[in-house]
Amino acid sequence: METLTTRVFNNGNSQAVRIPAEFRLDTDRVSITRNEAGDLVIHPLRVPRGAALMQALQALGEVDGSFIAALDAEQSKPLPAQEREGL
């Protein structure tokens with residue numbers, strides 16, 4: 001697993017971390033947590049796609065509530081944490 005060192009800088013009253021191109025995220029929102037070891041864990045938040053398609057399928061009666069609930073449950077599952085070596 002690749003490990004890179006990057007910069008932390010102040011951005012107003014917050015801190016920001018420069019994410020190298022090798023770890024580029026395909027979203028503009030993330031959730032951030034701290035695990036028991038004190039490590040920060042960043043999870044990209046998926047952009048809700050297909051909302052118009054889902055509405056059209058619902059209007060046609062092709063999709064029911066249980067199908068939508070199953071999709072929501074699947075999307076809300078966090079991605080597994082990656083094993084990384086400490087610096």
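All of the numbers you see were taken from the coordinates with simple rules; none came from a lab. For clarity, every value in this text was computed on a predicted model and none was experimentally measured. Please note: Cβ atoms are built from the backbone with ideal geometry, for glycine as well, and neighbour counts cover all protein chains shown.
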Phi to ³J(HN,Hα) by Karplus 6.51 cos²θ - 1.76 cosθ + 1.60 over region 70-80, Hz, x for Gly, Pro
5, 5, 4, 5, 5, 6, 7, 5, x, 6, x
Region 8-76: relative contact order in percent, alpha carbon pairs under 8 Å with at least 6 residues between:
16 percent
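If you put +1 on each Lys and Arg Cβ and -1 on each Asp and Glu Cβ, how big is the dipole of the chain around its Cα centre, in Debye rounded to 20? Don't skip to the answer; put the middle values down first.
Details: 9 positive and 12 negative charges, 79 e Å.
Here the size comes out at about 380 debye.
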What are the extents of the Cα atoms of the chain along their three principal axes, in Å, largest first?
53, 28, 25
What is the gain in length, in nm to one decimal, between Asn11 and Glu85 on full extension, counting 0.36 nm per residue of separation less the C-alpha to C-alpha distance?
23.9 nm
Given the options Gly50, Asn10, Ala37, identify the residue whose Cα lies farthest towards the positive end of the charge dipole of region 8-76 (+1 on Cβ of Lys, Arg; -1 on Cβ of Asp, Glu).
Asn10
Tell me, what HN-Hα J-couplings in whole Hz come from the Karplus equation 6.51 cos²θ - 1.76 cosθ + 1.60 at θ = phi - 60° for each residue of region 19-29, using x for Gly and Pro?
9, x, 4, 5, 10, 3, 9, 9, 8, 10, 9
Whole-angstrom gap from region 1-29 to region 38-87, using each part's C-alpha centre
23 Å
